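J.: Here it is, the structure, as structure tokens.
Each reported figure results from applying straightforward, stated rules to the coordinates on display, with no laboratory input. Model, not experiment: these values are computed from the prediction. Here the Cβ positions follow ideal geometry from the backbone for every residue, glycine too, while neighbour counts run over all protein chains shown.
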Amino acid sequence: MSHTVAGEAAEELLALREENRQLKEGIVAHARIDQAMGVLIALGGITPDDAWDVLREVSMNTNTQLRMVAAALVAQPVGGALSEDVREALESALAEHRRPSMSTSASPQRVRRPT
């Protein structure tokens, strides 16, 4: 009987470790998504809700996980490169979500092409 209890405890420990790993990954992904939204808000001149929509649209239009789009966008200003399809989808989605009242002097920066 003690062997069964030990086996169940070991299984529960493995399950808890896996859940812990997934939660840690989720926290990192959530932070990266928040950072990417900040980039879009600052450079795209859009609202937080629109930034979320842009990330979601780029993810769907490029068949790329949203967290991967966010990671690429956050890495891009420090030397990372966006793939051509992500860059094009991002520029298109930003154009759709920009407010028409934005003045040209405050126009957002264009997403930098990879070199």
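J.: How high is the FRET efficiency from ALA9 to MET68, r the C-beta distance, R0 25 Å, rounded to 0.05?
T.: That pair, ALA9 with MET68, gives E of 0.10.
J.: Sticking with the crude label model, points 7 Å out along Cα→Cβ, report the distance from SER83 to GLU18 in nm, one decimal please.
T.: Here the modelled spin labels are 2.8 nm apart.
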